[in-house]
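See below for the structure under consideration.
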Amino acid sequence: MSLSNVSITTRGEEIVVLLRNYSGTKNRIDVLSREGKVLRSLELKEFRGHTSGVAVTRAGDFVVADKENGRIVVFDNSGGSVWASDAGALFRPSALAVDREGRIYVADMRKHCVVVFNKEGVVLRTFNGEGTLSQPMGVALDAAGCVYVADWGNDRVVVFNAEGQVLRTLGQGHLHHPKHVAVDANGSVFVPQKNLISVFDVKGEFAGTLWPGGALWQRVDEHLAGDVKSLAVNTSHNVLVLSQCKTTPDSSCNTDSIVAFDQPLRALEELRQKEVVAFFMSRHPRLGARAPSYDVTEEVLSLIWTFAARSPSLQEVVPGRGIMSPRQDRERRSVED
């Protein structure tokens, strides 16, 4: 299966991959298992437009953004068209998402807004952050129904409520022309930046960066072949990343990959703790002698906090680098277990 020129979303544990119109071929949807195995393929009949995104309704229908013709089209499980949005409602749809009630949120990069349809295709409302959105490229929803928009022209993500009112922004200083955004069930936000993914916690604070070495599994290649093309989060909180193919000098595509990161925020947290341990070991020989492998044990955490208690400067370094106290670490592990 060639993965070039595609979009990705999830349906429970399944992964839904839209293979877009490319070199005259028809659009197709592949449904994969959580391990990356193709379960079935669905040809989108009588549809040859240049697509730019896919989402799945609770009824199991597939919603596809038809970028070329400025519309969205809903397909059933057989690949037949159920309905298409009216001409003029959209200009250049770039991404879409569906909420629990079947409402469809479409980012329109040329109209600089988000257009909301009901499940019959009627436009409910349009919002643009009071004119502040600039070429929105990605859209995602959280469990509370808030709308996250990748505001490409302003180097940020804007969070709206379901009615289109701005709640907050995130990513300033960390993002450059974001094209995609995904949100997990806990409210963590994932935004691709070239071949890495910036992660923000539920408060909108920068939490770290995902990179291919932390992957749970990879479909084709051993690493992200190029810039991240699309991403989604499944019900197991795995971040599923679709990388853009890396081209050869003759413009052919030689590598693609779908990559899954398992519990990414926990991995980032443990990585930060190891970095802090290494930081203190480099400055305190006694600590290095007690934990030569840099393992983040309760004893090591206790020693670090003992050092920090004696120095005001270290008290600032410890929480700033993401380290937890032994009590916080035990509480975190008890909750996860």
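The values are calculated or read from the model by the stated rules, or taken from the named source; none is laboratory data. What you see is a predicted model, and the numbers here were worked out from it, not measured in a lab. Positions of Cβ are generated from backbone atoms using ideal geometry, with glycine treated the same way; all protein chains shown enter the neighbour counts. Ligands, DNA and RNA are excluded from the accessible area calculation, which covers all protein heavy atoms including side chains. Shrake-Rupley method; radii C 1.70, N 1.55, O 1.52, S 1.80 Å.
Just to check your reading of the model, which residue among E68, E35 is open to solvent by 70 Å² or more (accessible area, probe 1.4 Å), among the acidic types (D, E), modelled with pLDDT under 95 and farther than 25 Å from H237 by Cα? Going through E68, E35 in turn, just one is open to solvent by 70 Å² or more (accessible area, probe 1.4 Å), among the acidic types (D, E), modelled with pLDDT under 95 and farther than 25 Å from H237 by Cα: E68. Counting only strands (runs of 3 or more DSSP E) that sit completely within the range 147-187, those holding 1 or more residues that are farther than 19 Å from V116 by Cβ and β-branched (V, I, T) correspond to 166-170. Restricting the search to the range 102-142, which residues are of a type outside the set (A, V, I, L, M, F, W, C), open to solvent by less than 10 Å² (accessible area, probe 1.4 Å) and more than 16 Å from T169 (Cα to Cα)? Selection gives Y105, D108. The residue pairs whose first member lies in the range 191-205 and is of a type in the set (D, E, K, R), whose second member is at pLDDT below 85 and in a strand (DSSP E or B), and whose beta carbons are closer than 8 Å, counting only pairs six or more residues apart or on different chains, are K194/V228; D201/A207. L170 fulfils the conditions (1) within 25 Å of A260 (Cβ to Cβ); (2) open to solvent by less than 20 Å² (accessible area, probe 1.4 Å); (3) touching a residue at least 40 places away in the same chain (Cβ under 8 Å) except for a single criterion, (3).
Scoring P178 on the criteria (1) touching a helix residue (DSSP H, G or I) at 6+ places or on another chain (Cβ under 7 Å); (2) open to solvent by 30 Å² or more (accessible area, probe 1.4 Å) leaves a single failure, condition (2). Of all residues in the range 71-101, exactly one satisfies the criterion of being surrounded by fewer than 21 Cβ atoms within 10 Å (Cβ to Cβ), in contact with a Leu (Cβ under 7 Å, 6 or more places away or on another chain) and closer than 20 Å to T126 by Cα, namely D99. Looking for whichever is modelled with pLDDT under 75, open to solvent by less than 50 Å² (accessible area, probe 1.4 Å) and either closer than 24 Å to V16 by Cβ or not charged (D, E, K, R) (or both) here; the options are S230, S198, S243. Which one fits? Every option except S243 fails the conditions. When the residues of the range 137-167 are filtered to those that are in contact (Cβ under 8 Å) with a residue 40 or more places away in the chain and at positive phi, the one that is nearest to the chain's Cα centre (by Cα) is G145. Only residues that are over 22 Å from R110 (Cα atoms) and surrounded by fewer than 21 Cβ atoms within 10 Å (Cβ to Cβ) were counted in the range 181-195, giving 6.
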